[in-house]
Amino acid sequence: GENVEQHPSTLSVQEGDSAVIKCTYSDSASNYFPWYKQELGKRPQLIIDIRSNVGEKKDQRIAVTLNKTAKHFSLHITETQPEDSAVYFCAASKPNFNKFYFGSGTKLNVKP
Amino acid sequence: DTEVTQTPKHLVMGMTNKKSLKCEQHMGHRAMYWYKQKAKKPPELMFVYSYEKLSINESVPSRFSPECPNSSLLNLHLHALQPEDSALYLCASSQDNRVYGYTFGSGTRLTVV
């Protein structure tokens, strides 16, 4: 199978600071790595994803990096805002296999 | 339409009741999923339907019974649930048997009393 570990479980930052969440995976066959943001009582929403043929991807204040050799990927949020406060989940999946392996989640708190 | 719609949004049921959760998408996606999510935990996969056939059952108790009447609809029939089954039930869909274009519904908050 696949095992995805996510750290830290909670993260508090001051508004305007950067936040970094890290995930590791075990199966080198995994090739797709999405990040989901889930606000309290709402659905998980895809915020950014990366495929294994790319090392980094950016979308405004959000970026994801992937190190295939070390089997880890990270979410970077710059200039954090209070509305970034939520639980973030990383996930991994394998080719032609419609199942995600989720990390345990990181609760991000951005203090105004 | 780029949404996955779930009904009802909230459901309270007794342990002897029979109820159903409904999920609908009109994006032409051919894979649909049921997840269970407990507070502060990641979603746990329950079932996957691919091209209207059950392709994954993650050893879910038989008191949960999925049904896929057509490519746009997914139901989850509930019978004789336990209080520990109280959770947020999420439906999702994707284009095919790969996870690209994965979209979650807004969920049904289920409480078993």
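Counting only other chain Cβ atoms within 10 Å of each residue's Cβ, the peptide A:91-104 averages 5. Starting from one equal scatterer on each C-alpha and no solvent at all, send me the Debye-based log10 I(q)/I(0) for the protein assembly as shown at q = 0.10, 0.18 Å⁻¹, two decimals. These q points yield log10 I(q)/I(0) values of -0.46, -1.32.
Antiparallel as a % of all DSSP beta bridges within chain A, to the nearest 5?
Working: 36 of 41 bridges.
Just about 90 percent of them are antiparallel.
Left without a cysteine partner by the 4.7 Å Cβ rule in chain B: B:Cys68.
Each principal axis of the Cα atoms in region A:19-112 has its own extent, and those three values, largest first, are 41, 25, 18 angstrom. Peptide B:35-45 has a mean of 4 when you count, residue by residue, the C-beta atoms of other protein chains within 10 Å of its C-beta.
For region B:55-67, putting each phi into the Karplus relation 6.51 cos²θ - 1.76 cosθ + 1.60 with θ = phi - 60° gives couplings of 10, 9, 10, 7, 6, 7, x, 5, 5, 10, 10, x, 8 Hz, in residue order, rounded to whole numbers and with x for Gly and Pro. One equal scatterer on each Cα of chain B, no solvent, Debye formula: the resulting log10 I(q)/I(0) at q = 0.20 Å⁻¹ is -1.03.
Please state the relative contact order of chain A as a whole percent: Cα pairs under 8 Å, 6+ residues apart? Rounded, it is 37 percent for chain A. Need the list of lysines near A:Lys68 for cross-linking: C-alpha distance under 29 angstrom, and skip anything on the same chain fewer than eight residues off. Within the straight-line cut-off, A:Lys68 pairs with A:Lys22, A:Lys37, A:Lys57, A:Lys58, A:Lys94, A:Lys99, A:Lys107, B:Lys40, B:Lys41.
Among the residues of B:92-98, the average count of other protein chain beta-carbon atoms within 10 Å of the residue beta-carbon is 3. Electrostatic tally near A:Gln81: other residues with Cβ closer than 10 Å to its Cβ, Lys and Arg +1, Asp and Glu -1, net -3. Each peptide in B:92-98, A:89-95 was scored by the mean count of other Cβ atoms within 10 Å over its residues; highest first, the order is A:89-95, B:92-98.
Computed from the coordinates by the stated procedures, all read-outs in this text should not be read as laboratory data. Every value quoted in this text rests on a predicted model; they were computed, and no experiment measured them. Every residue, glycine as well, gets a Cβ built from its backbone with ideal geometry; the counts of neighbours run over all protein chains shown.
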